[in-house]
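The values are calculated or read from the model by the stated rules, or taken from the named source; none is laboratory data. These numbers were taken from a predicted model, which means no experiment stands behind them. Here the Cβ is made from the backbone with ideal geometry for all residues, glycine too, and neighbour counts use every protein chain on show. Surface areas here come from the heavy atoms of the whole protein model, side chains and all, with no ligands, DNA or RNA. Shrake-Rupley method; radii C 1.70, N 1.55, O 1.52, S 1.80 Å.
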Amino acid sequence: MKWCGEAVGRGSPAYFARVARLRRALLLLAAAACTAAALLYWRQQSDDRATRPLHSLYTGVEPEWTWVCRNERCERLPAAETSSLQSLPTCNMLCASTQLWPQPTGPVSLATAAVPVRASAFTLHIVTSPSGHVSDHLEDAFSLFLEDLKALEKNTISDKRSDIGPAHEVLVRISVNGSSDVRMLIDTDESYKLSLRPKRNTLVADITAHSFCGARHGLETLSQLIWLDPYAGSLLALEAATVEDAPRFRYRGLLLDTARNYFPVGEIVRTIDAMAACKLNTFHWHISDSQSFPLRLNSAPQLAQHGAYGPGAVYTTEEVRAIVRRARLRGIRVLIEVDAPAHVGRAWSWGPQAGLGQLAYCVEVEPWSAYCGEPPCGQLNPRNPHVYELLERIYAEIIQLTGVDDIFHLGGDEVSERCWSQYFNDTDPMDLWLDFTQRAMHVLERANGGKAPEMTLLWSSRLTRSPYLERLDTKKFGIQVWGASRWPESRAVLDAGFRSVISHVDVWYLDCGFGSWRDSSDGHCGPYRSWQQIYEHRPWVDESVGGMGQVGDGWRVEGGEACQWSEQLAAGGLDARVWPRTAALAERLWSDRAEGAAADVYLRLDTQRARLMARGVRAAPLWPRWCTHNPHACL
């Protein structure tokens with residue numbers, strides 16, 4: 001045959017070479033054709049994209065709907081019935097009801113117009129600061145603020161927002177005139193003022209406060225004036241706002257028990273971030289119990305060695321410092337509780353081989369039901385001096401790790417009188433308990449540089465009832481009241497003038513309502529506590545006084561705390577169990593408005609849940625999503 005002027009045989013090497021070249025040429029042509037087709041398809045899609053409304057580019061909403069503000073609520077309408085579209089988040093933010101959570105306690109003025117912004121367009125200017133330390137923390141807190149905005153912004157579609165105008169620059173100016181201590185202390189002034197106003201193509205946000213923590217709360221409120229509009233594919237911010245705010249109570253806490261089941265550091269950090277979003281200020285870390293001791297302390301490494309579930313269920317001092325650092329930037333103190341003298345277990349069983357004698361008695365004794373509320377049992381030896389030496393070292397290291405020296409929690413609940421009676425039949429076990437508490441307080445003072453903390457907390461117990469209640473010093477001890485709200489002994493603590501943190505089991509225990517892990521009963525604390533019940537509980541109001549009640553005379557309520565015990569909870573389930581119920585408590589403790597769970601509260605809490613979800617918190621829903629879209633029909 002002839003091929004390009006050259007005669008080749010069908011089976012010759014030249015023939016096969018030319019066939020191979022032809023195949024390569026055909027493959028190149030086919031590839032070019034596919035590329036051209038793809039480019040044409042992409043161009044057509046891009047042209048379609050450019051002509052379609054922005055709302056149809058966002059797959060997370062139903063673009064056939066629009067929302068309008070009527071009677072202070074957003075109503076859903078078919079998009080075909082109106083010439084302009086408005087997303088639900090934007091309608092909520094611009095409608096009459098403020099969407100701030102918790103509701104500020106001072107005057108609030110919010111604009112009803114919004115402008116586009118970008119996280120990259122925010123800048124910080126520290127106008128005044130009492131110290132370089134405060135300035136450094138403000139800069140780091142501002143970085144976390146930007147991270148939160150970027151978490152919102154990650155769902156935007158495009159940088160093209162010509163239909164809503166160019167993004168505004170945002171200048172955040174912070175003035176702190178007051179404390180140079182960045183820690184959350186019992187007497188920290190958490191008040192702040194926020195002013196947001198337009199200045200040409202710039203929004204100027206002025207935050208003034210008397211402490212770093214107050215300024216951080218101002219940043220949190222500013223973040224709530226910014227939202228993602230899914231129809232526009234942009235962050236929007238209110239055009240103007242003024243807020244004056246300060247909390248009603250100084251102690252606003254959440255307890256997490258990491259002894260019954262272990263929670264990874266990431267879940268603890270996410271919990272702290274969610275607390276900050278609701279302006280809670282105390283992470284009460286119930287870090288040890290009879291089941292496990294997961295904290296590896298340099299002062300007593302044997303406790304974790306003998307008491308942790310395993311090497312993968314231990315908190316190192318480096319991890320604790322990282323959690324404390326994150327919490328401090330979020331305006332939160334970390335209050336670590338090593339419970340004693342009861343609620344201890346095998347972690348304290350190494351005394352004899354170390355030459356320290358028996359550090360604990362009744363460890364894993366049977367039948368456990370005769371000695372403690374749940375297995376395993378165990379409590380410290382109140383007459384072993386080495387116990388107090390160890391406690392002093394533990395207390396000193398906890399204070400050093402957390403930097404919290406004005407508040408301390410000694411634990412001190414549910415001592416078994418029967419256990420101590422078996423070993424010390426010459427003394428009333430209640431007298432032993434009181435003596436232990438006073439000696440623990442003494443070593444705490446030594447561990448704290450010779451000074452007692454301003455408030456040292458004990459759990460309410462038989463020790464905080466008469467006649468022993470009168471033997472506790474009201475100037476040194478505060479009581480965390482966990483008993484039911486209508487128990488006489490719960491009120492007795494308040495009437496005796498003790499500084500108190502309220503955690504009533506019948507309202508603010510988050511583990512209730514899931515039955516008993518030991519049998520088929522309802523459990524020790526009854527039914528589930530809804531967010532509405534949590535929100536409406538006002539234990540500082542004395543309802544025995546006429547009318548709607550009034551604040552109890554002489555009561556010294558520092559605040560309150562939700563408690564999440566973990567017998568039936570572990571990693572992966574924490575978010576939905578805690579949120580948004582604890583957000584309801586946060587507003588009660590911050591604002592304490594007399595009204596209950598009214599329609600406005602539903603709407604604002606639903607918005608706050610959406611904020612938590614945007615930050616990666618898997619909060620439980622308040623209601624069906626249909627009600628979010630149609631609140632006028634559900635309320």
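Tell me which helices (runs of 4 or more DSSP H) are completely within segment 409-499 and hold 1 or more residues being under 31 Å from the mean Cα position of the chain (by Cα), or say none if there are none. Before you say what the answer is, go through the steps one by one.
Working: elements: 417-423, 429-447, 488-495.
Hits in segment 409-499: 429-447, 488-495.
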Need pairs with beta-carbon distance below 7 Å; first residue within 30 Å of Asp181 (Cα to Cα) and free of Cβ contacts under 8 Å to residues at least 60 places away in the same chain and within segment 327-355, second open to solvent by less than 10 Å² (accessible area, probe 1.4 Å) and assigned to a helix (DSSP H, G or I); sequence gap 6+ or separate chains.
Ala327/Ile272
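Do we have Ala276 as open to solvent by less than 10 Å² (accessible area, probe 1.4 Å) and either closer than 26 Å to Val387 by Cα or assigned by TED's automatic domain parsing to the domain that holds Ile502 (or both) here? Write out each step before concluding.
Details: open to solvent by less than 10 Å² (accessible area, probe 1.4 Å): yes; either closer than 26 Å to Val387 by Cα or assigned by TED's automatic domain parsing to the domain that holds Ile502 (or both): yes.
Answer is yes for this residue.
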Do you know which residues across segment 493-510 are touching a Leu at 6+ places or on another chain (Cβ under 7 Å) and either surrounded by fewer than 21 Cβ atoms within 10 Å (Cβ to Cβ) or not assigned by TED's automatic domain parsing to the domain that holds Gly573 (or both)?
Ala496
Single match in Val134, Val117, Val127 (criterion: over 21 Å from the mean Cα position of the chain (by Cα), open to solvent by 10 Å² or more (accessible area, probe 1.4 Å) and not polar (S, T, N, Q))
Val127
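Go over the candidates Leu380, Leu329, Leu359 one by one and state the one that is of a type outside the set (Lys, Arg), buried (at least 19 other Cβ atoms within 10 Å of the Cβ) and more than 30 Å from Gly483 (Cα to Cα). Before the answer, list the steps.
Details: Leu380 fails: more than 30 Å from Gly483 (Cα to Cα); Leu359 fails: more than 30 Å from Gly483 (Cα to Cα).
Only one candidate qualifies: Leu329.
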Among Arg248, Arg252, Arg200, the single one that is within 30 Å of His409 (Cβ to Cβ) and either within 18 Å of the chain's Cα centre (by Cα) or without any contact (Cβ under 8 Å) to a residue 24 or more places away in the chain (or both) is Arg252
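Check segment 83-99 and report whether any residue there is in a loop (DSSP other than H, G, I, E, B), under 12 Å from Leu225 (Cβ atoms) and modelled with pLDDT of 95 or more. Before the answer, list the steps.
Just the residues of segment 83-99 that are in a loop (DSSP other than H, G, I, E, B), to begin with: 83-87, 95-99.
From the residues that got through so far, the ones that are under 12 Å from Leu225 (Cβ atoms) too are 98-99.
Imposing the further condition that a residue be modelled with pLDDT of 95 or more reduces the set to none.
For segment 83-99, residues in a loop (DSSP other than H, G, I, E, B), under 12 Å from Leu225 (Cβ atoms) and modelled with pLDDT of 95 or more: absent.
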Quickly run through segment 612-635 and pick out the residues that are among the aromatic types (Phe, Trp, Tyr) and farther than 30 Å from Ile268 by Cβ.
Trp626
Give me the pairs: first residue in segment 133-145 and free of Cβ contacts under 8 Å to residues at least 12 places away in the same chain, second residue of a type in the set (S, T, N, Q) and surrounded by 14 or more Cβ atoms within 10 Å (Cβ to Cβ), beta-carbon distance under 7 Å, and six or more apart or on different chains, which are they?
Ser135/Ser129
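Name every residue in segment 115-141 that is hydrophobic (A, V, I, L, M, F, W, C) and assigned to a strand (DSSP E or B), in order of residue number.
Of segment 115-141, the ones hydrophobic (A, V, I, L, M, F, W, C) are 115, 117, 119, 121-122, 124, 126-127, 134, 138, 141.
Of everything in segment 115-141, those that are hydrophobic (A, V, I, L, M, F, W, C) and assigned to a strand (DSSP E or B) turn out to be Val115, Val117, Ala119, Ala121, Phe122, Leu124, Ile126, Val127.
Touching a Ser or Thr at 6+ places or on another chain (Cβ under 7 Å) and either hydrophobic (A, V, I, L, M, F, W, C) or touching a residue at least 40 places away in the same chain (Cβ under 8 Å) (or both) - does that describe any residue in segment 264-271?
Initially, segment 264-271 is screened for residues touching a Ser or Thr at 6+ places or on another chain (Cβ under 7 Å), giving none.
So far as segment 264-271 goes, no, none of its residues is touching a Ser or Thr at 6+ places or on another chain (Cβ under 7 Å) and either hydrophobic (A, V, I, L, M, F, W, C) or touching a residue at least 40 places away in the same chain (Cβ under 8 Å) (or both).
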Looking at segment 238-246, can you tell me whether even one residue there is assigned to a loop (DSSP other than H, G, I, E, B) and not acidic (Asp, Glu)?
yes
Working carefully through the options Ala304, Ala370, Ala396, find the one that is in contact (Cβ under 8 Å) with a residue 60 or more places away in the chain, open to solvent by less than 60 Å² (accessible area, probe 1.4 Å) and small (Gly, Ala, Ser).
Ala396
If you take the residues of segment 325-384 that are acidic (Asp, Glu) and out of contact with any His (no Cβ under 6 Å at 6 or more places or on another chain), which of them is nearest to Ala215 (Cα to Cα)?
Asp339
Being buried (at least 23 other Cβ atoms within 10 Å of the Cβ), outside the structural domain of His504 (by TED's automatic domain parsing) and of a type in the set (D, E, K, R), is that true of even one residue in segment 221-243?
yes
